[in-house]
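A short worksheet on the structure shown next.
No lab work stands behind these numbers, since they all come straight from the coordinates. A quick note: this is a predicted structure, and the numbers were derived from the prediction, not measured.
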């Protein structure tokens, strides 16, 4: 069973988006993430910012990338809910860290507002799906 099929079989709230919307949204978000997070990692590699500032960005990528295998591979809504809370939590941490570490990189915060908004929405959706399908 693929992700789209599994998504359509869950009990979902009336405000849940159609499964076809996730691909285009994540395509745009991953482009934003690649450019902005890539810049942060480059600045850390070149010692223009401390590595501790890049840490929440790395953790965010890790939690983001393991969501799909947890949700659709393990089919574990509860663990996916914990993971998505970590995605949003590390994103907030990352944006806070870069805002305070480097005024020249504050554009990274602004660029990731769509990611933060979608992540917050996706968290509400995941928590609701987990509750409805318990």
**Study point:** Overall form of region 34-95 per C-alpha gyration tensor (a/c, 1.5; a/b vs b/c)
**Key:** prolate
Check your understanding: Against the longest alpha carbon principal axis of the chain, how many degrees, from 0 to 90 and to the nearest 10, is the axis of helix 113-132 turned?
Key -> 30
Review point. How high is the relative contact order of region 18-132, in percent, with contacts defined as C-alpha pairs under 8 Å that are six or more residues apart?
Key: 28
**Study point:** Helix-derived mean residue ellipticity, 222 nm - over the chain, DSSP H n ≥ 4, -39500 (n - 2.57), to 500
**Key:** -25000 deg cm²/dmol
Check your understanding: Rg and Dmax of the chain, using alpha carbons, in Å: what are they?
Key -> 15.9, 48
